1. Tell me which residues, restricted to region 249-304, are within 20 Å of L16 (Cα to Cα), in contact (Cβ under 8 Å) with a residue 40 or more places away in the chain and among the hydrophobic types (A, V, I, L, M, F, W, C).
2. Please go through region 169-219 and pick out each residue that is of a type in the set (A, V, I, L, M, F, W, C), out of contact with any Gly (no Cβ under 6 Å at 6 or more places or on another chain), assigned to a helix (DSSP H, G or I) and more than 22 Å from G285 (Cα to Cα).
3. Given the conditions (1) free of Cβ contacts under 8 Å to residues at least 40 places away in the same chain; (2) among the acidic types (D, E); (3) touching a helix residue (DSSP H, G or I) at 6+ places or on another chain (Cβ under 9 Å), report the number of the one that D52 does not fulfil.
4. Restricted to region 135-184, and to residues that are among the acidic types (D, E) and within 18 Å of R208 (Cα to Cα), which residue is nearest to the ligand (Cβ to nearest atom)?
5. Does any residue of region 101-116 turn out to be assigned to a helix (DSSP H, G or I) and either in contact with a strand residue (DSSP E or B) (Cβ under 7 Å, 6 or more places away or on another chain) or surrounded by fewer than 23 Cβ atoms within 10 Å (Cβ to Cβ) (or both)?
6. Cβ-Cβ under 8 Å, sequence separation 6+ or interchain: first residue in region 188-201 and crowded, with 18+ Cβ neighbours inside 10 Å, partner assigned to a helix (DSSP H, G or I). Which pairs?
7. Out of everything in region 69-100 that is within 15 Å of the ligand (Cβ to nearest atom) and in a loop (DSSP other than H, G, I, E, B), what residue ends up being nearest to T158 (Cα to Cα)?
8. Give I147, I175, I155 a once-over and let me know the one that is more than 12 Å from the chain's Cα centre (by Cα) and buried (at least 22 other Cβ atoms within 10 Å of the Cβ).
Amino acid sequence: MTSLPTPFTQRMRALLGSEFPEFLAALETPSPTSVRANPNKPGQLFAPDEYDGQIPWCPDAYYLKNRPTFTLDPCFHCGAYYVQEASSMFLAAVLRQLQDARPLRVLDLCAAPGGKSTLLASLLSRDSLLVANEVIKPRSAVLKENIVKWGQDNIVVTSGDPSRFAAFPGAFDIILVDAPCSGEGMFRKDEKAVGEWSENNLRLCEERQKRILSDIWPALRPEGFLIYSTCTYNPGENDDALQWLTRDFAAVPVPARDTFPGITPTLCGQQFYPHKTRGEGLYMGVVQKTDGETFTPKKEKRQPDTRPSAGIKYYFPDSRNFVFYQSGPVIGAMPSRHADFIRQLESRVNVLYKGCEIGEDIKGKIKPSPALALYSRLDKDRHPCLELDLPAALRYLRREDIRMEAPRGEWTLLSYRGFPLGWAKEVGSRLNNYYPKEWRIRNL
Ligand code: SAM
């Protein structure tokens with residue numbers, strides 16, 4: 001690892017006291033590799049001898065003995081699992097404490113690339129709604145890709161500045177602010193973070209975090225919870241930010257119910273250190289709002305809902321709890337329970353994806369969407385399906401030609417180990433590859 005900035009080591013020595021040498025030694029060891037399986041896409045992911053134990057604070061989450069080249073594993077592209085740093089998955093334990101039986105509206109404000117959003121989506125009830133937002137445009141495209149691959153129908157992907165959500169006072173039961181930070185907890189994994197560290201940058205991060213928190217605060221409902229996390233050790237970005245909230249806003253700290261060996265309790269949250277748990281540095285804390293406005297989505301006078309053709313209904317038969325929408329040529333479905341809110345959201349924030357995209361209805365002929373192939377509730381039995389071996393799956397993911405027998409002229413679902421990858425259509429002696437260009441594997 002490149003040498004650590006002296007003011008950083010001085011700060012850490014002051015913070016950790018006699019534990020400091022252990023902390024430094026842990027930074028010289030390799031980062032553990034960990035994955036979280038998608039509970040809605042069960043199947044075989046790795047060989048039994050590749051696993052290296054369960055992550056104690058999160059369901060479906062495992063350490064791996066080695067780091068495979070995930071890009072060359074089709075299961076990774078199917079959304080069958082997410083590669084996520086183990087400490088970040090502590091969000092599962094925190095959410096368990098806050099969730100009740102009601103359907104919730106949850107906002108993940110700083111969501112790209114989507115690690116915590118996919119975790120939230122797996123843990124929330126099906127009738128809850130997750131809004132996954134990322135302000136930086138190129139990063140929001142990656143977030144959308146990961147959400148589509150995760151294959152749920154109760155997620156909306158948006159790209160807006162936190163201040164945009166001021167238009168929805170009291171709208172969210174839970175808001176996660178996984179704030180942009182100085183990244184000290186990532187030094188072992190990401191050498192760039194070491195190079196970017198400076199005392200001046202700590203101050204800039206602290207100011208930006210307060211700005212984000214105050215911008216988003218009105219969108220939290222009374223008695224709602226704000227989960228705040230960073231991947232840094234600097235108390236100025238962690239406990240100080242939550243203490244500032246409790247001092248200047250109507251907020252009270254929520255003590256952690258579940259804790260695990262090695263996690264260090266702090267004044268307002270919990271801190272992970274690499275010498276005490278198998279993971280990187282992370283801070284997470286919760287406050288509850290004690291006043292504010294309550295929110296009711298507007299019942300807007302609107303155009304009648306899109307009437308799907310028989311073809312669209314064939315591809316998406318489960319129409320009972322959904323309304324259909326049309327966006328340009330694309331038809332999709334979104335949960336009826338949240339449709340008014342999603343429409344209202346669209347009037348103020350850039351919505352990149354909602355519910356499940358089904359396909360394009362081109363004069364009664366359906367061109368199914370790549371998102372539909374990856375939808376975890378797709379009725380696979382309705383479609384011709386071809387199982388690919390590893391080389392063929394990788395050719396498909398590179399958008400190369402596939403030569404295989406397939407039903408004439410029909411949309412065929414291609415899968416790997418039973419996990420759908422996408423669509424192809426027979427033309428002559430080959431299959432036309434409909435894997436999205438922007439998702440294809442390059443240079444490997
Ligand atoms: N939650 C993500 C996950 O688990 O995959 C990681 C989020 S990362 C720690 C912080 C995110 O905040 C980045 O995607 C970054 O682009 C975004 N961000 C940067 N500046 C921001 C701002 N001023 N307001 C909101 N988000 C910002």
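1. F260, I263, F272, L282, M284 - these are the residues of region 249-304 that are within 20 Å of L16 (Cα to Cα), in contact (Cβ under 8 Å) with a residue 40 or more places away in the chain and among the hydrophobic types (A, V, I, L, M, F, W, C).
2. The answer is V194, and nothing else.
3. (3)
4. Of all residues in region 135-184, those among the acidic types (D, E) come to 145, 153, 161, 173, 178, 184.
Checking the rest, the ones that are also within 18 Å of R208 (Cα to Cα) come to 161, 178, 184.
Numbers: D161: 6, D178: 4, E184: 12 Å.
Here the residue is D178.
5. Step one: of region 101-116, the residues assigned to a helix (DSSP H, G or I) are 115-116.
Checking the rest, the ones that are also either in contact with a strand residue (DSSP E or B) (Cβ under 7 Å, 6 or more places away or on another chain) or surrounded by fewer than 23 Cβ atoms within 10 Å (Cβ to Cβ) (or both) come to 115-116.
Yes, that holds for at least one residue.
6. Partner pairs satisfying both residue conditions: R188/A26; R188/L27; A193/E184; A193/M186; W197/F8; W197/E184.
7. Here the answer is G79.
8. I175
No lab work stands behind these numbers, since they all come straight from the coordinates. Only a predicted model underlies this, so the values are computations on that prediction, with no experimental measurement involved. Here Cβ is always computed from backbone atoms with ideal geometry, including for glycine, and neighbour counts include all displayed protein chains.
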